[in-house]
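K.L.:
Take this structure, written in structure tokens, and hold onto it; I'll ask about it next.
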Amino acid sequence: MQFRDLKTQYQKLKTDIDKSIIEVTTACNFISGKQVQELEEELAAYVGVKHCISCANGTDALQLACMALGIGEGDAVFVPDFTFFSSGEIVPLVGGTPVFVDVKEDTFNIDPDALKVRIEEVIKDGNLKPKAIVAVDLFGLPADYEKIRVIADEYNLKLIEDAAQGFGGKIGDSAACSFGDISTTSFFPAKPLGCYGDGGAVFTDDDEYAKLLRSYRIHGKGDNKYDNVRIGLNSRLDTIQAAILKVKLEAFKEYEVDDVNKVAEKYTNLLKDIVNVPVVPEGYLSSWAQYTLRLGSENERNELQAFLKERDIPTMIYYPKQMSKQDAFANSEINLCEFKVAEKLCKTVLSLPMHPYMTDDDIEKVACGIKDFFEAKK
Ligand SMILES: *Cc1c(COP(=O)(O)O)cnc(C)c1O
């Protein structure tokens, strides 16, 4: 059993993907070919925002967002303590200071009440200027943007949506990647919409930000590539990746988001009476980058993982370490506090095999393994 089955997906889409790759290799338009702009237009239309600016990966997408928002020295940027490293890494990369915030136990996403407390702490402390929030759509579920937007407006903060795992999610009729002043995603192969290498994109409705993002993406270009008006990055999406994504986006829109939600529903029905299953609030849609259980203790989690491994069922621990406990952030005084929920989650989460191509047999095999584990413990 695969944790995320990219092989089956490729076999299903092979004819179209191979044809698209050959079109690029035949035309030899490897950089900035027409497929890149076509994809950007299709992605912007799908998300329902004015601008999509593709780039080299999801981390660059976040860095580009920080650059366009003018985040730098002396700025505090609020980041959840339970996420992938990139969400916080990009803040010091542009000279700012990440201020970590605890998360909600049921949704894994940034806790709006804790966010407000942290903003007040930074204001009281007086050393840093609150500047922006990075809200992460962890495991495919959009963060609580209704509350986060109110807080951002109240304190005049910019909002970055890190939807690296959230592409395809929704709140009501609004799509993930539309909730931030600037939103970002990743096309790393295992993300909900993945390419065959590294890739990413930035989304915004703001014309000025879009102009800045397009400049920062290519060496701070002005009118052309050899007119450089600011210091930027070299962060383009390759034409081959864009061509692959154009095919995969069709499958994503047509059935993958629906199918992965059917898999989640089946897991939840089979497991909800024996273990803490993921919570999707009313009106939210997840794109299920992960299906993550919460176990009763660190011991129980580790035992279950070992038990399932014996049955050839792969599982993963996302994430074993809090952001604030990473050595890279070790001398950050503002983060020397406790984040009780994030700490607990790091010890008790376990992610199950999850992708749109999972068969009923595999879903049942996983659920059966978990049932047997708890039966054996009784
Ligand atoms: C994967 C990921 C990123 C970074 O994306 P890359 O394309 O790997 O650089 C950023 N944030 C989150 C939450 C992620 O899961």
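K.L.:
Mind counting the residues in the stretch 190-203 that are away from the ligand (no atom under 13 Å from the Cβ) and in contact with a Gly (Cβ under 7 Å, 6 or more places away or on another chain)?
P.N.:
0
K.L.:
Then there's this: What is the residue count in the stretch 162-189 for residues that are under 11 Å from the mean Cα position of the chain (by Cα) and either within 10 Å of the ligand (Cβ to nearest atom) or not in a loop (DSSP other than H, G, I, E, B) (or both)?
P.N.:
Of the residues in the stretch 162-189, 11 are under 11 Å from the mean Cα position of the chain (by Cα) and either within 10 Å of the ligand (Cβ to nearest atom) or not in a loop (DSSP other than H, G, I, E, B) (or both).
K.L.:
Hey, another quick one. GLU364: loosely packed, with under 15 Cβ neighbours inside 10 Å, more than 30 Å from THR97 (Cβ to Cβ) and without any contact (Cβ under 8 Å) to a residue 12 or more places away in the chain, yes or no?
P.N.:
Answer is no for this residue.
K.L.:
Keeping to the stretch 21-43, report how many residues are in a helix (DSSP H, G or I) and more than 17 Å from the chain's Cα centre (by Cα).
P.N.:
The total comes to 16.
K.L.:
Here's something else I'd like to know. Quickly run through the stretch 49-87 and pick out the residues that are over 12 Å from the mean Cα position of the chain (by Cα), part of a loop (DSSP other than H, G, I, E, B) and either away from the ligand (no atom under 15 Å from the Cβ) or surrounded by fewer than 24 Cβ atoms within 10 Å (Cβ to Cβ) (or both).
P.N.:
If the condition is that a residue be over 12 Å from the mean Cα position of the chain (by Cα), part of a loop (DSSP other than H, G, I, E, B) and either away from the ligand (no atom under 15 Å from the Cβ) or surrounded by fewer than 24 Cβ atoms within 10 Å (Cβ to Cβ) (or both), then VAL49, LYS50, ALA56, LEU69, GLY70, ILE71, GLY72, GLU73, GLY74 are the ones that fit.
Let's see how each residue does on (1) without any contact (Cβ under 8 Å) to a residue 24 or more places away in the chain; (2) crowded, with 19+ Cβ neighbours inside 10 Å; (3) assigned to a loop (DSSP other than H, G, I, E, B); (4) not aliphatic (A, V, I, L, M):
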{"position": "VAL202", "(1), (2), (3), (4)": "no, yes, no, no"}
{"position": "VAL247", "(1), (2), (3), (4)": "no, no, no, no"}
{"position": "ALA251", "(1), (2), (3), (4)": "no, no, no, no"}
{"position": "SER287", "(1), (2), (3), (4)": "no, yes, yes, yes"}
{"position": "LYS309", "(1), (2), (3), (4)": "yes, no, no, yes"}
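K.L.:
Please go through (1) within 16 Å of the ligand (Cβ to nearest atom); (2) aliphatic (A, V, I, L, M); (3) over 13 Å from the mean Cα position of the chain (by Cα); (4) farther than 26 Å from PHE339 by Cβ for LEU212 and return the number of the only condition it doesn't satisfy.
P.N.:
Single failed check for LEU212: (1).
Let's see how each residue does on (1) surrounded by fewer than 18 Cβ atoms within 10 Å (Cβ to Cβ); (2) within 16 Å of the ligand (Cβ to nearest atom); (3) in a loop (DSSP other than H, G, I, E, B):
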site	(1), (2), (3)
THR292	no, yes, no
GLY296	yes, no, yes
GLU300	yes, no, no
ASN331	yes, no, yes
GLU343	yes, no, no
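K.L.:
Something else about it: Taking GLN2, is it over 20 Å from ASP207 (Cβ atoms) and open to solvent by 60 Å² or more (accessible area, probe 1.4 Å)?
P.N.:
Yes.
K.L.:
Now, a different point. When VAL134 is evaluated against the numbered criteria (1) assigned to a helix (DSSP H, G or I); (2) within 17 Å of the chain's Cα centre (by Cα); (3) closer than 17 Å to ASN156 by Cβ; (4) not hydroxyl-bearing (Ser, Thr, Tyr), which criterion, by number, is the only one it fails?
P.N.:
(1)
K.L.:
Go through the residues of the stretch 223-235 one by one and say whether even a single one is within 20 Å of the chain's Cα centre (by Cα), at pLDDT 95 or above and crowded, with 17+ Cβ neighbours inside 10 Å.
P.N.:
So far as the stretch 223-235 goes, yes, one or more of its residues are within 20 Å of the chain's Cα centre (by Cα), at pLDDT 95 or above and crowded, with 17+ Cβ neighbours inside 10 Å.
K.L.:
Taking only pairs six or more apart or across chains, which ones have beta-carbon atoms under 7 Å, a first residue in the stretch 10-32 that is on the phi < 0 side of the Ramachandran plot, and a second residue that is surrounded by fewer than 16 Cβ atoms within 10 Å (Cβ to Cβ)?
P.N.:
What qualifies is ILE17/TYR10; VAL24/PHE30.
The values are calculated or read from the model by the stated rules, or taken from the named source; none is laboratory data. The model shown is predicted, which means the values in this text are computed figures rather than measured ones. Neighbour counts are summed over all protein chains in view; Cβ atoms, including those assigned to glycine, are modelled from backbone coordinates with ideal geometry. For the accessible areas, the whole protein counts, side chains as well, though only heavy atoms, and no ligand, DNA or RNA atoms are used. Shrake-Rupley method; radii C 1.70, N 1.55, O 1.52, S 1.80 Å.
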